[in-house]
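Below: the structure, in structure tokens.
The values are calculated or read from the model by the stated rules, or taken from the named source; none is laboratory data. Not measured: the values here are computed from a predicted model. Here Cβ is always computed from backbone atoms with ideal geometry, including for glycine, and neighbour counts include all displayed protein chains.
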Amino acid sequence: MSTTQLPTPEVLPAGPGGISSACSPPETVGSGRGMGPGRGSARGLRFVVPLATAFVCYLGLAVAFFWGAWAHHPTATTTCACGDASLYFWFLEWPAHAILDGGSLFYSTFAFHPVGFNLVANTGVVALGVALAPVTWAFGPVASLNVASTLAPCLSALAMFWLLRRWVGWAPAAFVGGLLYGFSPFILNGLVAGWLTMFLPIPPLMVACLDELCVRQRHRPVPTGIALGLLCALQFLVSSELLVVTGLVAVLGLVALVLHSALFDRDALMARMRGALTGLAAGAVVAGALLAYPVWFALAGPAHFSGLVWPSLAPGAYGTDLSAFFRLSSTTASTLAQRRFGGYQGVALHQGVYLGYVLPVVLVVGLVAWRRDRRLWLFAWVTVSSMALCLSSVAGGGHLWVPWRSLAYVPIVQNILPLRFAAMVFLGAAVMLAVIVDHARAGLRAGGRRAGPHARHGAHARRQHAERRLRELAADLVAASVAVVALGPIAASYAGNLPLTMVPVVVPEWFAAVAPHLPPGQVVLTYPAAFGGIQAPMAWQAEDRMSFSLVGGGGPGSVPQRAGRERPGFTVLSDATVSVDPVTGYLPSTVSSVRQAITGWGTTLVVIPDQPGLPAYDQGDQTGYALAMTTAALGEAPRFEASAWVFSVGRRPAGPLLVAPGALRSCVGGANFPSGPPLRIPDCVLGAATRAAVGPAGTG
């Protein structure tokens, strides 16, 4: 994962204001022998000014994408308080809560009570939660999500710009590369779903450190290695999955670099070997020391996962096919599913691996035109190998061999979703595009300088100077046009969806008015259950600042295989979000399994909102059934308060009611909410239990 331009530093220019080492503080840039007074500060300014300009431009574009939140109310408006965004509200709220209460940053029983929630085994973005804790304390988790979502493309693009200034002399070329990486479909598609794991400024900085260790070696290897180790630890606490992805692709890049050097420049390889190994060893020691406990906690700590994180998915299933890189596909089905179960409520962005046809053509033509630049070959290898690793191993009915099949059964690695390698596709493509644009500009400018002898004085000299400036401007415009053409299809795919659609965060009345005042120790089971595909209850809990513990939650812990003894009731309540089995859904054994689950989870309150106007992603389809089933399971009627049906579960609740299946089905009667207070359902169930006790059990 570093540059392969080995022979001389001159072939790898840092460019005016470029970075001597991305692992060094900015104030060291430009220092060196032979500099007169003020020259170091002048070069420092030539580095800082483009970096600051790029940051302002990237931030402005990111704000434009998320303008719907910032222009209205960033503490109460976002892409959606539902789906996976609900999960990330919780991930942002928990560290802020834990810091104040002295709790663990890695583990909580406030979700998936009583087993608990292991944040580092999940996509817990602990580092972001800690960094944004002041925002969360002051403004709440919605504001923190908006801040993180806005900064993610901005800082990712800026980190790529920083990396590229090592290798290109023209700042706009580096800006274009940063734009492609930071605002790639991969990052933006993830952010509209609320996936803060798409916060990716760290991989480009890791590449810069590897470049310094393995190629440039202008700084001492140990400090550079320490910087690399710190970056690895930080990336683990943002996304362990993307740390593994970056590490695997870095190994592929380093192997290619070593093989090339062994074949064509063995002396250079041997000269660099000692420093590279020293720095890598220092990085391994630092990363190992910092990550020993977090890695143990993820693999063996409370509520960790064993085997496949998603046991219902075949390894490699969440990948893509080759055509998705070049052709846009319909998103109608996924859009409808998102709007129902929770996800981005606007016009869905297209697939996260989309490159279009033009960008690959530009990269291939540039690779051929400047084939002597081995950086292009290295990052072409990174791009192509990452594309191959994105391919689904179950494509074509599982009969096609793809590279992922070699990793599908490797422990830990098998849990990576192949689509995540798209991050490295865009990293490699961004480097290639920036280098090609820089080459195009430099080549055209050099051609103009070779046009003929230059006069030193007089009108002819002024005319030559003007012509030269025009040729240089033309070269700049041509190079910029190459970038615009290359990025055009990706930019067009965003058309009609800028700014991104934002919606108000809706919290049901009971959770807004009653839940914040609950006594400590309350454990709440909601309908829809947080493990039934609708994760909005996690957003309600986060907005309530963790005023209660929640039964269930989102993520891999929500699969039935991890429900333990409560699995039968778990399955009934999970399925009840959308459907009820007409044969088994009303049996006395089903009622008993629901009761066992409620008591096994230590539930103290069952809350079923019955509030007109709630978004579809906050409601289940079988609310009447949930009310009837809970009444039968707990043997008592609920109270209606703050637009919700609330069951108080004592330490020893009354036994389940014996209700004939037909009678229970009749009480539900296909009713669903909100349709006014359905007082008849609990009364009907209680009355039917008396009648059922007289007749044969199980008849209707």
*asked:* Looking at the structure I just gave you, is VAL437 outside any helix (DSSP H, G or I), buried (at least 20 other Cβ atoms within 10 Å of the Cβ) and not acidic (Asp, Glu)?
replied: no
*Among (1) at pLDDT 95 or above; (2) over 33 Å from the mean Cα position of the chain (by Cα); (3) not aliphatic (A, V, I, L, M), which single condition is GLU467 missing?*
(1)
*When you scan the range 312-426 for helices (runs of 4 or more DSSP H) that lie fully inside it, which ones turn up with 3 or more residues that are of a type in the set (A, V, I, L, M, F, W, C) and modelled with pLDDT under 90?*
332-341
*Only residues that are under 17 Å from THR78 (Cα atoms) and assigned to a helix (DSSP H, G or I): list them for the range 127-137, please.*
VAL135, THR136
*asked:* I'd like to know if the range 568-580 contains one or more residues that are within 35 Å of the chain's Cα centre (by Cα), surrounded by fewer than 21 Cβ atoms within 10 Å (Cβ to Cβ) and acidic (Asp, Glu).
replied: yes
*Looking at (1) in contact (Cβ under 8 Å) with a residue 60 or more places away in the chain; (2) of a type in the set (A, V, I, L, M); (3) farther than 21 Å from ALA491 by Cα, find the lone condition where VAL135 falls short.*
(1)
*Can you tell me which residues in the range 629-648 are in a strand (DSSP E or B) and either without any contact (Cβ under 8 Å) to a residue 24 or more places away in the chain or farther than 19 Å from ALA576 by Cα (or both)?*
ARG639, PHE640, GLU641, SER648
*Here are some conditions: (1) modelled with pLDDT under 90; (2) assigned to a loop (DSSP other than H, G, I, E, B). ALA692 meets all but one. Which one does it not meet?*
(2)
*When GLY124 is evaluated against the numbered criteria (1) buried (at least 24 other Cβ atoms within 10 Å of the Cβ); (2) farther than 30 Å from VAL523 by Cα, which criterion, by number, is the only one it fails?*
(2)
*Can you find even one residue in the range 287-296 that is β-branched (Val, Ile, Thr) and closer than 27 Å to ILE534 by Cα?*
no
*Of the numbered conditions (1) at pLDDT 95 or above; (2) of a type in the set (A, V, I, L, M); (3) surrounded by fewer than 20 Cβ atoms within 10 Å (Cβ to Cβ), ALA429 satisfies every one except a single condition; which is it?*
(3)
*Filter the range 432-464 for residues that are more than 45 Å from the chain's Cα centre (by Cα) and among the basic types (Lys, Arg); which is modelled with the lowest pLDDT?*
ARG450
*Failed criterion for VAL258 (all others in (1) modelled with pLDDT under 95; (2) out of contact with any Leu (no Cβ under 9 Å at 6 or more places or on another chain) hold)*: (2)
*Any residue at all in the range 578-591 that is in a helix (DSSP H, G or I), touching a strand residue (DSSP E or B) at 6+ places or on another chain (Cβ under 8 Å) and among the hydrophobic types (A, V, I, L, M, F, W, C)?*
no
*Within the range 43-66, identify whether any single residue is modelled with pLDDT of 50 or more, aromatic (Phe, Trp, Tyr) and within 18 Å of PRO141 (Cα to Cα), and answer yes or no.*
yes
*Return yes when GLN561 is under 26 Å from ALA642 (Cα atoms) and either assigned by TED's automatic domain parsing to the domain that holds ASP101 or at pLDDT below 95 (or both) and no when it is not.*
no
*asked:* Condition check: modelled with pLDDT of 95 or more and more than 22 Å from GLY613 (Cβ to Cβ). Does LEU500 satisfy that?
replied: no
*asked:* Taking the conditions exactly as written (part of a helix (DSSP H, G or I) and closer than 26 Å to SER406 by Cα), does VAL258 satisfy them or not?
replied: yes
_Residue, surrounded by the most Cβ atoms within 10 Å (Cβ to Cβ), within the range 87-113, restricted to residues that are farther than 24 Å from GLU241 by Cβ and out of contact with any strand residue (DSSP E or B) (no Cβ under 8 Å at 6 or more places or on another chain)_ = HIS97
*Consider GLY613 carefully, then state whether it is modelled with pLDDT under 95 and either farther than 17 Å from SER558 by Cα or within 33 Å of the chain's Cα centre (by Cα) (or both).*
yes
*Within the range 581-589, is there a residue that is closer than 22 Å to TRP90 by Cβ, touching a residue at least 40 places away in the same chain (Cβ under 8 Å) and surrounded by 23 or more Cβ atoms within 10 Å (Cβ to Cβ)?*
no
_From the options VAL591, VAL659, VAL559, VAL583, residue that is of a type in the set (Val, Ile, Thr) and under 20 Å from THR109 (Cβ atoms)_ = VAL559
*Can you tell me which of PRO682, PRO678, PRO674, PRO656 is outside any helix (DSSP H, G or I) and at pLDDT 80 or above?*
PRO656
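Conditions tested, residue by residue: (1) under 25 Å from LEU389 (Cα atoms); (2) touching a residue at least 24 places away in the same chain (Cβ under 8 Å); (3) surrounded by fewer than 19 Cβ atoms within 10 Å (Cβ to Cβ).
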{"residue": "MET206", "(1), (2), (3)": "yes, yes, no"}
{"residue": "CYS209", "(1), (2), (3)": "yes, yes, no"}
{"residue": "ARG218", "(1), (2), (3)": "no, yes, yes"}
{"residue": "GLN235", "(1), (2), (3)": "yes, yes, no"}
{"residue": "LEU252", "(1), (2), (3)": "yes, yes, yes"}
{"residue": "VAL255", "(1), (2), (3)": "yes, no, yes"}
{"residue": "ALA262", "(1), (2), (3)": "no, no, yes"}
_Could you tell me how many of the residues in the range 518-559 are assigned to a loop (DSSP other than H, G, I, E, B) and under 12 Å from CYS82 (Cβ atoms)?_
6
*Is there any pair linking a residue in the range 105-117 that is without any contact (Cβ under 8 Å) to a residue 60 or more places away in the chain to one that is among the β-branched types (Val, Ile, Thr) and in a loop (DSSP other than H, G, I, E, B), with Cβ under 9 Å and at least six apart or on different chains, and which?*
LEU105/VAL120
